[in-house]
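Before any comments, here is the structure.
The values are calculated or read from the model by the stated rules, or taken from the named source; none is laboratory data. A quick note: this is a predicted structure, and the numbers were derived from the prediction, not measured. When we count neighbours, we look across all protein chains shown, and the Cβ atoms used for this are built from the backbone with ideal geometry, even at glycine. Side chains are part of the model used for accessible areas, which takes the heavy atoms of the whole protein and leaves out ligands, DNA and RNA. Shrake-Rupley method; radii C 1.70, N 1.55, O 1.52, S 1.80 Å.
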Amino acid sequence: RTGSAGLPPLKTPSCIRLNAPERIRPILPTFLEAAGCCIQAMEKLILALDQGTTSCRAILFAHDGSIRSLAQQEFTQYYPQPGWVEHDGMEIWDTQLSVAREAIARAAVDATSIGAIGITNQRETTLVWDRSTGRPVCPALVWQDRRTAAFCDELRARGYSEMVREKTGLVIDPYFSGTKLKWILDHIPGVKAAALKGLLAFGTMDSWLLWNLTGGRVHATDPSNASRTMLYNIHDLDWDEALLGLLEIPREILPELRSSSEIYGHSSRELFGTEIPVSGIAGDQQAALFGQGCTRPGLVKNTYGTGCFLVMQTGKEPVSSSNQLLSTIAWQILGETSYALEGSIFIGGAVVQWLRDGLGLIGTASGVEQLAAADNGGICLVPAFTGLGAPHWDPHARGMVTGISRGTTKAHLARAALESIAFQTMDVLGAMESDCGSPILELRVDGGATSNNLLMQFQADILGVPVVRPRVTETTALGAAFLAGIATGFWKDAADLQGAWKEEHRFLPQMEPGQASGLKQEWRRAVRAARSWSADRGE
């Protein structure tokens with residue numbers, strides 16, 4: 001209607017997003033041009049669900065890897081006893097669904113424009129739920145939970161360490177899901193009997209989200225998450241009967257094993273108004289490795305979050321570590337399995353949270369960069385608040401500050417806190433170089449703390465190699481999106497993804513080698529002191 005026939009002009013937006021059938025599209029431009037409009041085909045997007053330790057996020061990615069919208073919401077952390085950390089499984093699902101819907105609304109797109117959903121998740125966090133009701137039988141035991149430490153000590157004392165390492169690539173530690181699942185089976189009334197009857201389902205958060213997205217039709221996981229349970233044989237690529245027997249876990253409770261990139265099922269129509277393929281799964285650190293474009297052996301990334309997680313892609317065969325690093329599965333795509341070496345640092349960005357919440361030295365986490373002095377004033381901070389991770393694996397170590405003098409200030413403490421993150425990264429990277437027998441040429445970084453230029457520059461200085469920050473630092477979610485998009489043809493293959501990864505800044509080493517060597521020596525002295533303190537605890 002143009003108004004020439006006495007009718008009011010058609011009120012339309014200046015641009016209409018249209019997803020019309022092919023046979024109709026040829027006539028639409030002429031019609032819309034007459035109405036004062038332009039036509040634009042609907043852009044397809046990938047929805048990544050990033051289920052983290054403290055929050056759930058949802059991000060919509062375009063084909064070039066750029067972010068169209070993002071939504072994030074925190075959920076409750078529960079600490080019922082010292083060393084216990086729990087989450088509410090239903091709250092996690094409700095939160096994840098809420099941010100997914102919010103991200104779609106923020107992008108102002110219809111759900112039919114979403115080509116696929118990818119899932120990435122906090123790993124090792126353990127949940128058991130009723131298959132008929134879909135309700136958890138108890139709170140989720142978070143990866144940080146240490147309640148099974150005594151049982152892990154018992155397993156090591158009984159001589160199972162080498163068996164576990166050979167089969168799983170892991171060390172015996174409460175960190176992993178297997179002993180958490182055993183605790184639930186042994187301590188929650190009625191659970192073991194119900195599990196033996198096939199009435200219950202176990203899963204890490206990827207399986208939990210997939211179950212809920214598909215309306216309970218799919219109970220599955222991928223090798224990157226399965227390899228973190230201490231129940232999965234990374235050579236046979238299957239649940240290991242000997243380990244299941246050792247921990248008295250019935251196979252009936254375990255999820256089906258699928259690859260990291262395939263269509264597992266479709267989301268229930270009532271969730272988004274349409275059915276969307278769910279087609280990518282990877283644990284958060286493996287997803288970040290993929291999102292960083294580390295698809296060739298020897299490439300390494302570090303994610304700076306609550307903890308820090310260094311992962312090196314090692315190719316088609318697992319690398320056995322002589323330095324207490326973890327051999328794990330990176331991903332499995334089109335029948336090919338890629339492996340990785342990983343070093344986990346328990347306290348990364350959490351040390352800055354401690355400065356903010358525990359000591360009140362800063363008002364916001366970003367304030368640490370402004371507070372930090374030009375040097376550490378001779379002190380070292382070892383943030384072993386929950387023990388030391390790789391390459392030490394000392395669960396009894398505790399935090400320590402060495403070298404304090406009357407001249408020590410809060411600015412020195414802030415500087416030492418930032419340096420501790422870089423020093424721990426240095427320790428793990430050195431172990432990786434030793435295991436692989438070759439130097440690492442650069443470190444790709446992601447996570448919230450990478451916005452701290454002081455930390456990134458110090459990291460490059462202390463490592464002596466470039467530290468590369470990408471333009472899109474949401475690489476965990478990007479990796480999940482990549483995996484989902486490959487399965488649905490949104491991207492052709494891993495090579496097609498290279499253009500979506502773009503470098504934003506490269507931090508080059510600037511510190512004199514002699515100065516760096518002195519700082520490293522003081523750090524190692526401080527770590528020895530922290531470990532000696534824990535070793536003498538019974539005297």
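Taking into account only those residues within segment 204-228 that are part of a helix (DSSP H, G or I) and of a type in the set (A, V, I, L, M, F, W, C), which is surrounded by the most Cβ atoms within 10 Å (Cβ to Cβ)? My answer is M205.
Rundown of residues vs (1) within 15 Å of R228 (Cβ to Cβ); (2) of a type outside the set (F, W, Y); (3) modelled with pLDDT under 95, yes/no style:
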| site | (1), (2), (3) |
| --- | --- |
| G118 | no, yes, no |
| R123 | yes, yes, yes |
| P136 | no, yes, no |
| A140 | yes, yes, no |
| W143 | yes, no, yes |
| A149 | no, yes, yes |
| D153 | no, yes, yes |
| S161 | no, yes, yes |
| R165 | yes, yes, yes |
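For segment 147-160, give me each residue that is open to solvent by 50 Å² or more (accessible area, probe 1.4 Å) and not in a loop (DSSP other than H, G, I, E, B). Break it down into steps so the answer makes sense when it comes.
Residues of segment 147-160 that are open to solvent by 50 Å² or more (accessible area, probe 1.4 Å), as a first pass: 150, 153-154, 156-160.
Within segment 147-160, A150, D153, E154, R156, A157 qualify.
Going by the conditions given, is G298 of a type outside the set (A, V, I, L, M, F, W, C), more than 16 Å from L413 (Cα to Cα) and touching a Cys at 6+ places or on another chain (Cβ under 8 Å)? The answer is yes for G298. Within segment 408-440, the set of residues being free of Cβ contacts under 8 Å to residues at least 40 places away in the same chain and either open to solvent by 50 Å² or more (accessible area, probe 1.4 Å) or of a type in the set (A, V, I, L, M, F, W, C) (or both) comprises T409, E433, G437, P439.
Pairing residues of segment 348-369 that are within 16 Å of A411 (Cβ to Cβ) with residues that are open to solvent by 70 Å² or more (accessible area, probe 1.4 Å) and among the hydroxyl-bearing types (S, T, Y), at Cβ distances under 6 Å and at least 6 apart in sequence or on separate chains, gives no pairs at all.
For segment 163-203, the set of residues classified as in a loop (DSSP other than H, G, I, E, B) and over 27 Å from V218 (Cα atoms) consists of G169, L170, V171, I172, D173, P174, listed by residue number.
Screening T120 with (1) open to solvent by 50 Å² or more (accessible area, probe 1.4 Å); (2) part of a strand (DSSP E or B); (3) within 23 Å of L141 (Cβ to Cβ) gives one miss only, at (1).
Working only within segment 234-257, note down all residues that are within 16 Å of A340 (Cα to Cα) and open to solvent by less than 10 Å² (accessible area, probe 1.4 Å). Within segment 234-257, just I234 meets the criteria. Remark: pairs (first residue in segment 249-271, closer than 17 Å to N225 by Cα; second residue open to solvent by 40 Å² or more (accessible area, probe 1.4 Å) and part of a strand (DSSP E or B); Cβ separation under 8 Å; 6+ apart in sequence or on different chains) = L257/D238. Which of the residues that make up segment 370-400 are at pLDDT 85 or above, open to solvent by less than 50 Å² (accessible area, probe 1.4 Å) and not in a loop (DSSP other than H, G, I, E, B)? Passing the criteria: L371, C380, L381, V382, M400.
Name the strands (runs of 3 or more DSSP E) wholly inside segment 236-333 in which the number of residues that are under 26 Å from R217 (Cα atoms) and of a type in the set (A, V, I, L, M, F, W, C) is 2 or more. Before the answer, list the steps.
Details: elements: 261-266, 277-283, 300-304, 308-315, 326-333.
Answer list for segment 236-333: 277-283, 326-333.
Screening Q96 against (1) over 21 Å from the mean Cα position of the chain (by Cα); (2) of a type outside the set (F, W, Y); (3) closer than 18 Å to S267 by Cβ leaves a single unmet condition, (1).
Tell me whether segment 370-382 contains one or more residues that are touching a residue at least 60 places away in the same chain (Cβ under 8 Å), under 17 Å from E522 (Cβ atoms) and in contact with a Pro (Cβ under 9 Å, 6 or more places away or on another chain). No: zero hits.
Looking at G265, G293 in this structure, which one is over 28 Å from D435 (Cα atoms) and open to solvent by less than 20 Å² (accessible area, probe 1.4 Å)?
Testing whether each residue is over 28 Å from D435 (Cα atoms) and open to solvent by less than 20 Å² (accessible area, probe 1.4 Å) leaves just G265.
Consider segment 180-202 and keep the residues that are touching a strand residue (DSSP E or B) at 6+ places or on another chain (Cβ under 7 Å) and among the β-branched types (V, I, T). The one that is modelled with the highest pLDDT is I184.
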